[in-house]
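Chemist: Below are the structure tokens for one structure; questions will follow.
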Amino acid sequence: RWIPIEGFSSRLLPTDRFHFSSVDGTVDRQIDKIRLPSMAWQWEGDWQLDLTLDGQPLDHNGWSYAVDFPAQYYAKKQWKSCVRRRLWVRYRKYVAMNSWCAIAPLHKDATAEPFIDISVGGQNIAGAETGTMLVWAVTSHNRIMFRSGVTTKSPEGAKWHCVTVPSGCEVGQISVGPTGLLWAALLDGRALIRIGITRESLMGNVWVETRGPSNTLRTMQISVGVCAVWAVTQDKKVWFRKGVRGDVAEISEEMAVGCGWVEMVGNMSSISVTGNDQVFAIGGEDRAIYFRTGVHNGDLTGKKWKCLHAPLQVSRASSSASLNRDRAANNSTRSTYSLVSMGTK
């Protein structure tokens with residue numbers, strides 16, 4: 001702040017922003033207290049001054065000027081410039097590729113409230129910043145948690161937030177689709193749908209309740225795609241939700257909830273809907289992997305279940321002795337179990 005006779009001084013008014021703060025001045029960001037989010041990150045260098053403001057060059061000290069702190073800033077000092085600020089920048093890089101990064105638990109004692117389910121989606125929310133992702137989870141206390149700050153550039157996110165559910169609702173499982181469509185299965189068979197998830201409100205703003213596929217049996221799992229919601233009940237029956245639309249810029253309550261359940265042929269123990277509404281499932285009796293054929297925009301329920309058979313592949317890193325043991329042990333199960341081998345680069 002500019003002070004008569006002294007000129008610019010680090011002495012600020014009691015009502016001024018912190019000496020080091022967030023860009024809007026509301027959060028104290030002492031430069032020596034800023035830490036990396038986790039061990040998955042490394043600093044690429046030390047703190048440096050940003051010498052540009054909206055593409056305009058600043059002086060070698062990086063100052064930008066304004067009448068007051070909440071006002072608009074300029075690259076050049078003017079006669080009415082009473083305050084100035086500068087931006088310090090430090091770059092970090094993610095180094096945990098091809099490895100697991102542990103996320104801090106909700107409590108110091110990780111066993112006090114472990115997670116029982118987790119779902120990742122939201123990569124195609126209309127208008128959202130590129131790389132945005134949604135992570136929702138359910139704890140053993142049947143609470144719903146939202147992980148803020150998750151992006152492809154910061155995959156571990158920043159913080160867990162508890163999202164309150166209506167009284168009397170105990171959540172057992174959760175699923176979020178690519179466009180942010182979110183369904184949660186309750187222990188009593190009902191379901192909750194989160195309304196109002198947009199680029200401005202990634203957590204949404206209200207829950208809507210709907211009945212589950214069965215009035216007498218618990219819904220074991222719900223899986224959400226773009227325009228498809230599938231469910232498996234306690235008796236291993238498979239259900240499809242009619243009327244769901246998640247492919248619009250703003251998903252209304254009617255589009256998110258749909259209009260009714262349709263029972264499908266086949267018994268499955270688990271089901272998974274992909275980002276383009278294709279459906280995979282694990283058989284209820286044989287535990288084989290099934291794919292739903294004929295699914296497209298005009299027929300989201302598809303035609304029939306097709307069992308997938310794939311040869312068992314053993315990691316190249318295994319020793320020759322372990323390879324021989326694995327082959328001997330798995331020869332008898334190849335025709336019974338369907339395995340999918342996936343790799344990351």
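The values are calculated or read from the model by the stated rules, or taken from the named source; none is laboratory data. Please read these numbers as outputs of a predicted model, since none were measured by experiment. Heads up, the Cβs are rebuilt from the backbone with ideal geometry, glycines too, and the neighbour counts pull from every protein chain shown. Protein only, heavy atoms only, side chains kept; ligands, DNA and RNA dropped before computing areas. Shrake-Rupley method; radii C 1.70, N 1.55, O 1.52, S 1.80 Å.
Chemist: Most fluctuating residue of GLN48, GLN56, GLN278 in a GNM of the chain with Cα springs under 10 Å: which is it?
Modeler: Maximum fluctuation in the GNM of the chain, among the listed residues, is at GLN56.
Chemist: Kirkwood Rh, the chain, all Cα pairs: how many Å?
Modeler: Hydrodynamic radius (Kirkwood, Cα only) of the chain equals 24.2 Å.
Chemist: Could you work out the relative contact order of the stretch 151-274, using alpha carbon pairs under 8 angstrom and six or more residues apart, expressed as a whole percent? Don't skip to the answer; put the middle values down first.
Modeler: Numbers: 272 pairs, mean separation 24.4, N = 124.
Answer for the stretch 151-274 is 20 percent.
Chemist: If eta is 1.002 mPa s and T is 20 °C, what Stokes-Einstein diffusion coefficient results for the stretch 2-94, Kirkwood Rh from Cα pairs, in µm²/s?
Modeler: Details: Rh = 14.9 Å.
The calculation lands on 144 µm²/s.
Chemist: Ignoring ligands and nucleic acids, what accessible area does LYS304 show with a 1.4 Å probe (Å², nearest 10)?
Modeler: Surface accessible to solvent at LYS304 totals approximately 130 Å².
Chemist: Quick one: pull the percent of accessible area on the stretch 149-218 belonging to carbon and sulfur, 1.4 Å probe, ligands and nucleic acids left out.
Modeler: 50 percent
Chemist: Alpha carbon centre of the stretch 39-77 versus the stretch 266-317: separation in Å?
Modeler: Spelled out, the Cα-based centre of one part sits 52 Å from the other.
Chemist: Under a point-charge model restricted to the Cβ atoms of Lys and Arg (+1) and Asp and Glu (-1), what is the dipole moment magnitude of the stretch 32-79 relative to its Cα centre, in debye to the nearest 20?
Modeler: 100 debye
Chemist: As a test of reading the structure, rank TYR91, TYR65 by solvent-accessible area (1.4 Å probe, protein chains only), most first. Numbers along the way, then the final one.
Modeler: Numbers: TYR91 145, TYR65 15 Å².
So the residues, ranked largest to smallest area, are TYR91, TYR65.
Chemist: While we're on this one: Tell me the angle of helix 320-330 to the major Cα principal axis of the chain, expressed in degrees between 0 and 90 and rounded to the nearest ten.
Modeler: Approximately 50 degrees, to the nearest 10.
Chemist: Any idea what the relative contact order of the chain is, in percent, if you count C-alpha pairs under 8 Å spaced at least 6 apart?
Modeler: In percent, rounded to a whole number, it is 8.
Chemist: Another one. To the nearest 20 debye, what is the magnitude of the charge dipole of the stretch 57-122 about its Cα centre, counting +1 on the Cβ of each Lys and Arg and -1 on the Cβ of each Asp and Glu?
Modeler: 700 debye
Chemist: With +1 on each Lys and Arg Cβ and -1 on each Asp and Glu Cβ, and nothing else charged, work out how big the dipole of the chain is about its Cα centre, in Debye to the nearest 20.
Modeler: Once rounded to the nearest 20, the dipole reads 700 debye.
Chemist: Given a 1.4 Å probe and the protein chains all in place, what does the accessible area of TRP305 round to, in Å² to the nearest 10?
Modeler: Its heavy atoms expose roughly 40 Å² to the probe.
Chemist: Round to a whole angstrom and tell me the spacing of the C-alpha centers of the stretch 199-226 and the stretch 80-158.
Modeler: Between the Cα centre of the stretch 199-226 and that of the stretch 80-158, the gap is 22 Å.
Chemist: For the stretch 115-308, what is the convex hull volume of the alpha-carbon atoms per residue, in Å³?
Modeler: Convex hull volume per residue, Cα atoms: 117 Å³.
Chemist: Right, another one. Given the pairs LYS153/LYS306; LYS159/LYS237; LYS236/LYS304; LYS153/LYS237, which are separated by over 28 angstrom at their Cα positions? Write out the running numbers ahead of the final one.
Modeler: Numbers: LYS153/LYS306 37 Å; LYS159/LYS237 37 Å; LYS236/LYS304 16 Å; LYS153/LYS237 40 Å.
Table pairs above 28 Å Cα-Cα are LYS153/LYS306; LYS159/LYS237; LYS153/LYS237.
Chemist: To the nearest 10 square angstrom, what accessible area does CYS259 show with a 1.4 Å probe?
Modeler: 100 Å²
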